[in-house]
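What follows draws every value from the coordinates through simple rules; no lab data is involved. In this text, all values refer to a predicted model and were calculated from it rather than measured experimentally. Glycine also receives a Cβ, built like all others from the backbone with ideal geometry; neighbour counts cover every protein chain displayed.
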Amino acid sequence: MLCARLVGLAEVRRRDAEVAEAEEFEMEIPAECRYVPDVRRSVREWLTRGCGAGGGELELVVSELVTNSVLYSGADPVVLWGRCWDGWVRLEVRDGCPSVPVRGEEDLLSNGGRGLVLVDAVVQGLGGRWAFAEGDGVWVEVPLAGLRDTGNSRSGEV
């Protein structure tokens, strides 16, 4: 099973390199958190080459949403799709999960559970919108003008 996942990721990288300058983007992500840095890197490359925008904040949003799908949906693979059009970028994390997460009370002392709060704050700060698509996953739309190339301080990537 591990070999199949690694082959799948290699295929994703090849396909991603071919469409890095395209307005649309799609990748299948094996359901393991260790692939999330590859997702961030691929999104950054696509936003830069395909959309002409930086993506530091949007990389963080995608990272949180893909991680949630990997951890909680049971989907394998998780699909990330994106499109640039008329000054906007839309990203969808598709996991086919039939339920929508219920937002609980935030516990500031817990190790997790604040990802969706962070997603909401960042997307709102970028002037965008996001929602769950019941039975499919989640989508995010933000104006390209609000995206800056800030790198990713969490992983040390620039």
- D76 and R41 label points (each 7 Å along its Cα→Cβ direction) are spaced in nm at 2.3
- Taking amide H positions as placed 1.01 Å from N in the peptide plane, with prolines and chain starts having none, which residues 5 or more places from A133, or on another chain, fall under 5 Å of its amide H? V138, W139
